[in-house]
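To start, the structure under review is shown below, and the notes come after it.
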Amino acid sequence: MDFIINANNAVINMWIHEYQHWSDFTWDAKVLASKLADIRHRQGRLLGRMESLGFELKREASLSTLTNDVVKSSAIEGETLNPEEVRSSIACRLGIDIAGLMPANRDVEGIVEMMLDATQQFSKPLTKDRLFDWHASLFPTGRSGMHKITVGGWRTLDAGPMQVVSGPIGKEKVHFEAPSADRLNKEMEAFLTWFGSSDDIDSVIKAGIAHVWFVTIHPFEDGNGRIARAIGDMALARSDGTQNRFYSLSSQIETERKQYYDQLEKQQCATPDITDWLSWFLDCLGRAIANAETTLGNILFKAQLWESINQKPVNERQRLIINRMLKDDFEGFMSTSKYAKLAKCSNDTALRDIQGLKERGTFIQNPGGGRSTSYRLPSRED
């Protein structure tokens, strides 16, 4: 926490929002210039590669990114969502026909609805009512866990101070305390006016400012982090000028979760100079785009693999196993027993299928033999 010393030499601790005109943020543009230029270059290169893809591959890349964004944004808050439910919900809402659609629960539908509204309707104004709708979609039962909360409205004084606390009872450490509830109407009016204004702030920088500004206000009893990241994605979609999402900032933030919270806490305990926060934000975004380029390479490789396989079609069991091995969450290699279990067939049938895939070069046998015999798909390095 930053502090000042009064006339009596007493130290007074201050949160960032306790400074007068605190949201008139400042930053050192020279420090950020090279990082911002690199981000813009990476964005342009990635979007250019994506535009060169066929319709189906571009749609698959966007669906994969949106799925990761929803799953990882929830994971940052400690909530685990089923990726297949998320993927099915997004595909259904976007009118994408995929095999094996899985019904999604209310929690999944709610965050998918919010994320798609933010990214697919990015040019629409961000208003108080729109934020209330997003919040209501996150908490359809009116509860956060077992606790009843104010849904579709700012938190109230009755809810008490909004604090980020850690440690056992009696030894709690307050990492941050948000503005009092009686300030929220004025604070959010200022935020929404700024977000909707046309100014000369680069839209990538605007995404970083919006994130730390909204999280600092913390206007809701719960869901502030997920909504802040949706607002950030909305700003980035405006930056890219497209509804298609090809990189996931939430996925990268989840990977760097500790640093993310450390940076937020550091900024919320400091002055309204947000250079350090924006520097970290740009670095994190750069890593997200770099990872997206790797993901794109994987999608292209999978498409080429299927093009090769379909020249001599495989049976349904083989197709099921190949699809399963191509999923990001598949671990290890394929064995006869694992094949039999996944395909729901006998070991003899599994062995015949595997031999067929091996002969055509779709399966590659790993070194070793006997009971430890295992197989993998070709890789980009083969």
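Of all residues in the stretch 118-136, those satisfying the criterion of being among the aliphatic types (A, V, I, L, M) and in contact (Cβ under 8 Å) with a residue 40 or more places away in the chain are Ala118, Leu126, Leu131.
The condition (being closer than 27 Å to Leu264 by Cβ and without any contact (Cβ under 8 Å) to a residue 40 or more places away in the chain) is satisfied by just one residue among Val86, Val31, Val112: Val86.
The rows are residues; the columns are (1) assigned to a helix (DSSP H, G or I); (2) modelled with pLDDT under 85; (3) of a type in the set (Phe, Trp, Tyr).
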{"position": "Phe3", "(1), (2), (3)": "no, yes, yes"}
{"position": "Asp24", "(1), (2), (3)": "no, no, no"}
{"position": "Leu36", "(1), (2), (3)": "yes, no, no"}
{"position": "Gln43", "(1), (2), (3)": "yes, no, no"}
{"position": "Glu56", "(1), (2), (3)": "yes, yes, no"}
{"position": "Ser62", "(1), (2), (3)": "yes, no, no"}
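The residue list Ser52, Ser62 contains one member that is within 18 Å of the chain's Cα centre (by Cα), in the same structural domain as Thr271 (by TED's automatic domain parsing) and of a type in the set (Gly, Ala, Ser), which is Ser62. Put simply, of Ala270, Ala235, Ala228 the only residue that is under 12 Å from the mean Cα position of the chain (by Cα) and of a type outside the set (Phe, Trp, Tyr) is Ala228.
Looking across the stretch 355-366 at every residue that is surrounded by 13 or more Cβ atoms within 10 Å (Cβ to Cβ) and within 37 Å of the chain's Cα centre (by Cα), the one that is farthest from Ser335 (Cα to Cα) is identified as Thr362. Of all residues assigned to the stretch 316-327, at least one qualifies as being of a type in the set (Val, Ile, Thr) and within 30 Å of the chain's Cα centre (by Cα).
Against the condition out of contact with any Gly (no Cβ under 7 Å at 6 or more places or on another chain) and farther than 29 Å from Ser239 by Cβ, how does Ser123 come out, does it pass? It is false that Ser123 is out of contact with any Gly (no Cβ under 7 Å at 6 or more places or on another chain) and farther than 29 Å from Ser239 by Cβ.
Restricted to the stretch 137-256, the set of helices (runs of 4 or more DSSP H) holding at least 1 residues that are among the hydrophobic types (A, V, I, L, M, F, W, C), without any contact (Cβ under 8 Å) to a residue 40 or more places away in the chain and over 25 Å from Leu66 (Cβ atoms) comprises 184-196.
The values are calculated or read from the model by the stated rules, or taken from the named source; none is laboratory data. The shown structure was predicted, so the numbers you read here are calculated from the model rather than taken from an experiment. Note that we place each Cβ from the backbone using ideal geometry, even for glycine, and neighbour counts take in every protein chain shown.
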